[in-house]
2 protein chains.
Amino acid sequence: MMTVMPRRRTQEERREETRARLLRATVEALRDQGLTRMTTPDIARRAGVSRGALTYHFASREDLLVDSIAWLLDQATAGLRKLCDAYPAPTMPIEALVDYLWDMMAGGLFQVTMEFLPEARHNAPFRERLLPVVREFHAALDASWTRLSAVAGIPREEAQVSLNATMCLIRGMIAQNVLRNDPAYYAAMLDWWKRQLRGWLGQDAGGAARPLPAPILAAFAVAEPPRQRLVRERARRQAGGG
Amino acid sequence: MMTVMPRRRTQEERREETRARLLRATVEALRDQGLTRMTTPDIARRAGVSRGALTYHFASREDLLVDSIAWLLDQATAGLRKLCDAYPAPTMPIEALVDYLWDMMAGGLFQVTMEFLPEARHNAPFRERLLPVVREFHAALDASWTRLSAVAGIPREEAQVSLNATMCLIRGMIAQNVLRNDPAYYAAMLDWWKRQLRGWLGQDAGGAARPLPAPILAAFAVAEPPRQRLVRERARRQAGGG
DNA sequence: ACAAACAAACACGCAAGCCTGTTCTTACGG
DNA sequence: CCGTAAGAACAGGCTTGCGTGTTTGTTTGT
């Protein structure tokens, strides 16, 4: 209302911008409020458009959700490829990649994933729509790791085990973080893990001082989510359930 | 209706039985349908009591949920202690404990956990009520592992790192399982992990043939959830969003 | 002019919480 | 030993809030 009055965008521009705003807003709502508290009116508010615009571009809440997740994983995939390109083939230290993966996952990617995994578990059509999306992401992940291990002369299969274990470990750590907020604990475990990886992948112990590129997902810069207070929290009897 | 007409239970018995039925039904609903699809009418139906009985014993859905999770973790804790008692101190092979943890977590415990973790993340009071409950569980976990490692002469801190890593790995594997159902993949990773643990904990490679006690949580015998079709799945326009 | 893009109000379903009424258990008096 | 009253345990209907999907109306671009 009464802003700079945007000059005559083309239809395609209008369309794409609105959709992009909605996708981004959806991911943010998903991260900040969780899937159950994420409502379409709130998404529209965040995106700065009306709810009507939302329903015009996305037939259902679930459609919007799927597209948002795809968008998020595309961002992450792009970031991975960028990281690979940033390092000439033989120079990427394993620590750099692990740290990057951690920042990426703990920086919001896996928090968001934890929001929709239960839904995927109980909603078969939704799950099916997600499968190709996550497969593409994991392919990019695998490519990074394989390239790194190929330089070290590690057999592909062995390398994949260590990658998969690394990812699972990170997932488990982030899950635990919900009920155990203890940064030092996770930092120590991650360091320990990197030492193990060094051993398996045969890189010597003198890793670079990890010149990490800033996380690609600027939207997820906050490690600890805002934990905004609940809108829907209602007054409850104070009786403790007995 | 015309069943054997239960004979004059005492008030306490009535109370405890109904509460127990509700707690168990809640956990089952949580596992089979997920937190969002889990409704109090359905829980009452599963438990074979009326919804009025449910609201009489539990002031709110959240109260019921908290008590159910506490009940579930108590079962798991008891199972852990039982496992420890089943093995004379120096005889428990690391494989047995890891397998037990896997069966316990993958058999339902962590699926259920994944259902309420997002809620805990966004609902501070709920999270606070959960903290002491999970702490007790982890204490039992820690006791089992420490005892095992003490026999092997491993420093407590080192042992704890390997326990925590094991648990995180298992969590991450189960999370991934939602979108990648591939038993062989997880079996291989777990075997690989057990070999690593052997090395760190200094046990020789000739482990016993793991005479695992049956999982305590009989309710979670199914590894793959029934994946029952969605009650709430509604007709949607077939238009693919956009 | 026409259609795409957006806005706002409406309608439906649903689940949680609440309230009222009924059955069972127990304590107490005869 | 029985009858009875009080309270706990249970059953079922009602109400309200809310979020989605839908529809109708308005603006912007071609």
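Among the residues of the range B:79-126, just one is among the basic types (Lys, Arg) and at pLDDT 95 or above, namely B:ARG121. Counting only residues that are without any contact (Cβ under 8 Å) to a residue 40 or more places away in the chain and surrounded by 16 or more Cβ atoms within 10 Å (Cβ to Cβ), the range B:62-93 holds 2 of them.
Filter the range A:59-109 for residues that are over 23 Å from A:GLU28 (Cβ atoms), out of contact with any Lys or Arg (no Cβ under 7 Å at 6 or more places or on another chain) and among the charged types (D, E, K, R) and give the result. Within the range A:59-109, A:ARG81, A:ASP85 meet the criteria. Given the condition in contact with an Asp or Glu (Cβ under 8 Å, 6 or more places away or on another chain), crowded, with 19+ Cβ neighbours inside 10 Å and either under 18 Å from B:GLY107 (Cβ atoms) or touching a residue at least 24 places away in the same chain (Cβ under 8 Å) (or both), answer yes or no: does some residue in the range B:141-158 qualify? Checking the range B:141-158: at least one residue is in contact with an Asp or Glu (Cβ under 8 Å, 6 or more places away or on another chain), crowded, with 19+ Cβ neighbours inside 10 Å and either under 18 Å from B:GLY107 (Cβ atoms) or touching a residue at least 24 places away in the same chain (Cβ under 8 Å) (or both). The criterion of at least 1 residues that are away from DNA strand D (no atom under 16 Å from the Cβ) is met by the following helices (runs of 4 or more DSSP H) wholly inside the range B:1-99: B:11-37, B:61-86.
Would the range A:153-165 turn up any residue that is outside any helix (DSSP H, G or I), under 26 Å from A:THR36 (Cβ atoms) and either more than 21 Å from the chain's Cα centre (by Cα) or at pLDDT below 95 (or both)? Within the range A:153-165, none of the residues are outside any helix (DSSP H, G or I), under 26 Å from A:THR36 (Cβ atoms) and either more than 21 Å from the chain's Cα centre (by Cα) or at pLDDT below 95 (or both). Of B:GLU115, B:GLU136, all but one fail to be among the acidic types (Asp, Glu), more than 20 Å from B:LEU197 (Cβ to Cβ) and in contact with a Leu (Cβ under 6 Å, 6 or more places away or on another chain); the exception is B:GLU115. Every listed requirement among (1) surrounded by fewer than 19 Cβ atoms within 10 Å (Cβ to Cβ); (2) farther than 30 Å from A:SER149 by Cα is met by A:VAL27 save one, (1).
The values are calculated or read from the model by the stated rules, or taken from the named source; none is laboratory data. Just so we're clear, the structure is a prediction, and the values are computed from it rather than from any experiment. Reconstructed Cβ throughout: ideal geometry from the backbone, glycine too, with neighbour counts over all protein chains shown.
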